[in-house]
């Protein structure tokens, strides 16, 4: 089922001031590092309760362990159906009671068992301006298509491939002599800013899903200011 695309719904954490996160990763974990750094800097009111990877040797797991965060490999079994793996992953995530699940370079499509376990509480970062260039190798797709601008997108996850409602986007120019690596690095720098920003909006209760659109609500005025 995934994200509710018919009725408007506000989405947020518990309001305790420290959002509980589980981060799913498959590779180097630079976006995970950006989250951890933002938390340490005091700009993101959150706590990473666990990092889970489908790749047991993912460097991202080492980044988590270096910060004292539980780092758990959960590889997909040979021949295991997507929904079966998604159910196992959901059960593991539930042990850490996350208010939000963040896909930070997680390279598997999640099935309905996972999304039903965390409705409107799963977000992803994608290295393109969705809905253009979903799926793998988005940077190469953009270069081969000949676009003048690319970027990155944070979106809620649904059962499609990079098709959920868009939260935030950042634009980067595509230069005439760009390579896939050069463009990827330029986009990645924006990802490191955009993903913590989107998580902070969720933590503050400032996101509202209305069909395909995500509205960013104004900041709440502190009670002390009103008195």
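The values are calculated or read from the model by the stated rules, or taken from the named source; none is laboratory data. Not measured: the values here are computed from a predicted model. All Cβ positions, glycine included, derive from the backbone under ideal geometry; neighbour counts span all protein chains shown.
Of note:
- Screening the candidates 195, 130 for the property of being assigned to a loop (DSSP other than H, G, I, E, B), within 29 Å of residue 22 (Cβ to Cβ), touching a strand residue (DSSP E or B) at 6+ places or on another chain (Cβ under 8 Å) and in contact (Cβ under 8 Å) with a residue 24 or more places away in the chain yields one hit, 130.
- Of the criteria (1) surrounded by fewer than 17 Cβ atoms within 10 Å (Cβ to Cβ); (2) under 18 Å from residue 100 (Cβ atoms); (3) touching a helix residue (DSSP H, G or I) at 6+ places or on another chain (Cβ under 6 Å), which one residue 37 fails: (3)
- Residue in the stretch 157-167 that is modelled with pLDDT of 95 or more and assigned to a strand (DSSP E or B) present: yes
- First in the stretch 135-157 and surrounded by fewer than 23 Cβ atoms within 10 Å (Cβ to Cβ), second anywhere and part of a helix (DSSP H, G or I), Cβ under 6 Å, 6 or more apart: 140/180
- The residue that is surrounded by the fewest Cβ atoms within 10 Å (Cβ to Cβ), counting only those in the stretch 158-187 that are without any contact (Cβ under 8 Å) to a residue 60 or more places away in the chain and closer than 18 Å to residue 216 by Cβ, is 171.
- Where strands (runs of 3 or more DSSP E) sit wholly within the stretch 1-93, those with at least 3 residues that are closer than 30 Å to residue 213 by Cβ and at pLDDT below 95 occupy 9-11.
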